[in-house]
1. With Cβ to Cβ distances under 13 Å as the rule, what net charge do the other residues near ALA239 carry (K, R +1; D, E -1)?
2. For ASP308, enumerate residues with amide H under 5 Å from its amide H, sequence gap 5+ or separate chain, H modeled in the peptide plane.
3. In deg cm²/dmol and to the nearest 500, what is the mean residue ellipticity at 222 nm of the chain if only DSSP H runs of at least 4 residues count, each as -39500 (n - 2.57), divided by the residue total?
4. Expressed as a whole percentage, what fraction of the accessible surface of the chain belongs to carbon and sulfur atoms when a 1.4 Å probe is rolled over the protein heavy atoms?
5. Mind listing the phi-derived Karplus ³J(HN,Hα) values for the range 290-300, rounded to whole Hz, using 6.51, -1.76 and 1.60 with θ = phi - 60°, and x for any glycine or proline?
6. Only loop residues by DSSP count here, and only those with at most 11 other Cβ atoms within 10 Å; note down the chymotrypsin sites (Phe, Trp or Tyr not before Pro) in the range 274-303 that meet that.
7. Which pairs break 26 Å Cα to Cα here: LYS414/LYS497; LYS48/LYS323; LYS99/LYS427; LYS712/LYS754; LYS624/LYS662?
8. Using DSSP loop states and a limit of at most 15 other Cβ atoms within 10 Å to flag GluC sites (Glu not before Pro), what is the longest stretch of the chain containing no flagged site?
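The values are calculated or read from the model by the stated rules, or taken from the named source; none is laboratory data. None of the values given here were measured: they were computed from a predicted structure. Cβ placement follows ideal geometry from the backbone for every residue including glycine, while neighbour counts extend to all protein chains displayed. Accessible surface areas use protein heavy atoms only, side chains included; no ligands, DNA or RNA. Shrake-Rupley method; radii C 1.70, N 1.55, O 1.52, S 1.80 Å.
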Amino acid sequence: MSVCNMAARSRCLAVALLFIFSGAFGLPINQQEKDPTTCGYQSCHSTKANMLNVHLVPHTHDDVGWLKTVDQYFYGDRNDIQHAGVQYILDSVVDQLLKNPDRRFIYVETAFFYRWWKQQSSSTQQTVRQLVDEGRLEFVNGGWCMSDEATTHYSAVIDQMTLGLRFLNETFGVCGRPRVAWHIDPFGHAREHASMFAQMGYDGLFFGRVDYQDRGRRMAEKEQELLWRASESLTPPMADLFTGILPNGYNPPEGFCWDQLCSDAPIRDDPDLDDYNVDDVVQRFLHAANSQAMVYKTNHIIMTMGSDFQYENAILWYKNLDKLIHYVNAQQANGSMVNVLYSTPSCYLQELHRANLTWPLKEDDFFPYADDAHNFWTGYFTSRPALKRYERITNSNLQTCNQLEVLAGPASRKGPFGKGDSETLRKAMAVAQHHDAVSGTEKQHVANNYAKMLANGWQHCQVLVSNSLASLSGSSAERIYCDNLNISVCPLTESSKKFSVSVYNSLAQPLSWPIRLPVNGTAYRVADAKGKPVDSQVVPVSRSTQEVRRNRGFAMNELVFQVQAPPLGYSTYFVSAIQDAPPLFPPRSGAPTGIQNKYLKVTFDPDTGLLSSLSNLETKQTIKLTQNFYWYNASVGNSESSQTSGAYIFRPNSSTPIVISKVAKVQSLQTSVVQEVRQWFSPWVSQVVRLYADSKALELEWTVGPLPVLDKRGKEVITRLDTDIKTSEIFYTDSNGREMLQRRKDFRPTWQLKQTEPIAGNYYPINSRAFLKDDMNQLTVVTDRSQGGSSLQNGSLEIMLHRRLLYDDYRGVGEPLNEASEIFPEGLVVRGRLLLSLDHPASAADTHRPLAQQVVFQPLLTFTDGDLSPNARLEFSGLQAALPPAVHLLTFSQWDEESVLLRLEHQFQSWESKVNSHPVTINLQKLFSTLDVLGVSELNLSANQWKDEMKHFSWAPQKEETPMLKQFEDPSVWEVTLRPMEIRTFLLRVSRK
Ligand SMILES: *[C@@H]1O[C@H](CO)[C@@H](O)[C@H](O)[C@H]1NC(C)=O
Ligand SMILES: *[C@@H]1O[C@H](CO)[C@@H](O)[C@H](O)[C@H]1NC(C)=O
Ligand SMILES: [Zn+2]
C-alpha cells in the first residue's frame, strides 16, 4: 500500500479502518487481506515454450434476458421456451471446480452472479471466495451485463459497468477485478466501447462476431489479434486496447461440445469396449488445434469450451475436458507438439503479451457486421424504437435521481413521500443495456418486462425526487409527474386553473428549454421564479397528437413557453388560467412560404408542402433541403438468399424505397413563441416542423405508425434529408454518443469491401447524431434515441425510424418484429424528434455537442397543483458557478455515507472546435454550493481501481511512431485538468455546508 498523500485520502482512510477492525476482532491481518499472488495472472497454469499451447476456456454465455426474462433465465423457469437456468449453472460449476484444482471457469454477467451470491450460505460463499482467490473461478468483463454496442449511450454503459464491477470489488477485493473485457456476442463492435474498456483498466478485449469478409482477410494475414487505438483525441496509449477475435464465435470447435445441450460423442476411454474412441478424439482435436494455429500469430491459441447457458450440468463438460487434456498431452511422449491446458482469457492474454510481438493497429470500428453476403445485422440499430426512446429518457431520469440523492442527502431517501431509492432504477437501467435489451432483439414478452422494470425503477426514483425537492424547496406540496407530455397528456395541467412547474436541469450549464403543456384553456399567465412574466402562447393540439394519445387525455390545446434553469438545479414557473379568454384561431391550411426566428429560416415548397431550404441567419448560410418519408419493402427471402428482414437483420427487397406521399397536406401556425408547420403524409405518417423563438435547431417531430401490413408486406420506414452539400458520399456518425466516425459509401477503412447489399451494407448506428458536411456547410441531425442510418447519395442522409416485419430472421429470437400493445392492437405508433442545425464545419460542434447533451439529459418537469407554500425556495443550484461549455458533469451520485462519485468529462474532440477543444481546469473545492469537498481520490473510469494503481500491459503497434507518452500534471490536488474527450472519475469525501 502506498504512502498516504492528499490525493489518496479516501484510500488511506480505508486502510486505517481495516487495521482498526482487524484489531477489534483479533484476527491476523493476512487472513483478511486477499493475497493477490494466487489469483489473476499468477494463477495461470504453466505452458510449454516449444509447443503449441491450447488454452481451453470453460465458459457459459448467459443473456440477461432474450427469449426469456432475466428472472426466468435465473431460475430456469419456462424451459419450454428455452432450456436455461443460471442458478443451476453456478451451483454445478462450483461443485465441479472443487473436484479438481486444475479446472477453471470464467463468469461474466454480474446481474446473475449477484442474485446467486445473495442466496448462498456463508459456507458456500467462503468456498467461492477461495475459488476466486486461487484464480479457479475468474470474473471477466464483470459489468452488470454484456452491453450492446450499437444502440447504447456511453453514460449508461459506464454506469452499468460501474455497478457490476463495484459488487465484484466489494465482494472479492482485488481478486474479483476482471482483467479482460469479454464481448463475445454483441453484433458488431463500437470504437467508443473499446476506448471505455481501455480507460477501465482492462488489459484486453475478446469478441466473437466480426464481418465475414473482414475475418477472411484477417485470417489470411494473421490479423485476428490487433491493437485498437480507440480515440482520435486521447493521447495514446490511453485508449489503446489489445483486441482478440475468437476463432469460433464463442463456441467450441466442431465435434467437441460436451454440454447436456449438445450431442457430440463423449470420450469413451475403456479400451475393452467396442466403441473406444480416444484415438479418434485425439486425432480430431490435434487437427482442429493445428488448423486454428495457422491463422493466429503465436504458439498459443484459445478455444471457448461452452456456449449459451451451458454448464447447467457441468460434470458433462469437465469430465470430458479432464480426459481430453490427459489423452492429448499423453501424446507428447510420442512426439506430439501440442499442449492442452485449462485456462482463462486473461491467462491466454498474458501469453500473448509475453510473446512480445507487434500488432496491427486499428483506428476505425467493427460496424456493420455481416455474417454472409445478404445478412447485415443493421436492422437492430432501429428495432423497437419505442423501447429505445424509453431507455434513453430513463437514463436521463436516473441521472437526475442520482444527483438529487446527493444534493438533498438522507432526506431524499426517507421523507414526506415515503422511502425512495436510486438502486432499483440503477439496476433496471443496467439490465436494459444488455445486447438483447435496448438492441430490440428480444422476444416481445421480454421487451415488455424490460420496460416494466424501468417503470418500476422510475417509481422508486420519483419518491426520492419528490423527497429531495421537498427538502431543497421547503415545500412538501405533492409533486406530479407527467411522463406522457410527448403526446400532450397530463391530467393536472389539463384541468388545473393554477399550477406550478419545476424544471430540474442535470447539466452543469444553465439551460434554456421550450416546454409544451397540455391545457384546456385558451390563455394563461406564466411567471418565473422572480415573478417576472414569461411570454407564452396557446396553440391547438394537432390531429396526429389526438390520434396517438387515443383516450388517454383530453387537452384541446398546448401551452408553450421557454424555461430557464440553473446548472445542477431547478427553477419554478407559475401558470394560471386567464378567465374568459377568447377562443383560439385554428391553424391555417396550406404551407407558409417560410418560418423563421432570429437564428434560422426554413422555406417550404408551396406545391408539395415539403421543406425546401434551411438557412442560418447569423452566419448567412443557406442549403437546399428537402425531406420526405419512405419505406423499404422487407425481404421475405429470394433466389439469392433465403434471408428475411427481421429484428437483427435489415434486408430490403429492393434498393429503391417507396415514397409514402409526394405531397404533404399542410397546416401552419405562427406565434411569438413557436411556429409550426404540420405535415400529414398518410394515415400513418405525419410530422410537425417546429421552430421555437429561442432555438438554434429546427425540430422535426415525426409520428409513424401503425404501419399497415394488410398487404402482407413488412415495412421499414425512413426519413430522408436531401441537400446540396457536396459530401462525396461521406458522412459522419457518432460512436455511443461520443466521438464521431467518418463513413463512406461502399467502403471499409481496413479491407477491400465487396458490397453485396447496397442499402443494408451501408447502414451504421446513430446514437445521438449524424452529420453531412463540405467545406462550407455542416448539417447536423441530433436524434432522440439510437437509430440506424446512411448516406446513399451525395448530400443525402436517411434515418430509419420504425420497422414492422412479418417474418423471423433466423438468428434465434424466433418471432417476427411485429409490435403491438393493448392501446395499439393494430400496431405501435412511435413518435420522436430530429433536431437539425446548420453551421460552418469549423464551429458546428459548438452547437451540436451541447444540443445533443440537452436531448440526452433532458430536464425533468414536476408539477404541483395550486399555490406553493409562501416561503418555498423557487430556485436552486448545486453548483457555485456553471462549468465551462466544454465540460459535462457525467456522474454525480452518492457512493456511500460520506462519499460521492463524480465524473467530469471534456465533451469536445481535439479537432472539433476553435473555442472549446482546449484543456479545461476545474477546481473541485469550488464546485458545489452546498457541499464541502474534504478529500479526493482519482479512480479509473469504472471506479473499481485507484488511478495510481492502474497497471496496464503495454502493447506495441506494428507501425513505428514517435513515442507519445507525455505525462500531464494537474496544477494542484484540487485543480484537475480535462483534455479533449477525457473523462476523469473521482471519489470525493464531502460534508454538508
Ligand atoms: C521485446 O522485444 C524488444 C525488441 O523487439 C526487445 O528490445 C525487448 O527486450 C523484448 N522484451 C522482452 C521482455 O523480451
Ligand atoms: C475495493 O473493495 C475494497 C473492499 O473489498 C475496498 O477497500 C476498496 O476501497 C475498493 N476499491 C475501490 C477502488 O473502490
Ligand atoms: Zn448473448
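1. With Lys, Arg at +1 and Asp, Glu at -1, the net is -2.
2. For ASP308, whose amide H was placed from the backbone, the distant partners under 5 Å are HIS61.
3. One gets -7500 deg cm²/dmol as the mean residue ellipticity at 222 nm.
4. After summing per-atom areas, the C and S share lands at 52 percent.
5. My calculation for the range 290-300 gives 5, 6, 5, 4, 5, 10, 10, 7, 9, 8, 10 Hz in order.
6. Those that pass, being in a loop and sparsely packed, number zero.
7. Result: LYS414/LYS497; LYS99/LYS427; LYS712/LYS754 exceed 26 Å.
8. On the way: sites that count: GLU33, GLU221, GLU254, GLU363, GLU478, GLU618, GLU640, GLU822, GLU826, GLU897, GLU898, GLU960, GLU961, GLU969.
So the longest stretch without any such site is 34-220.
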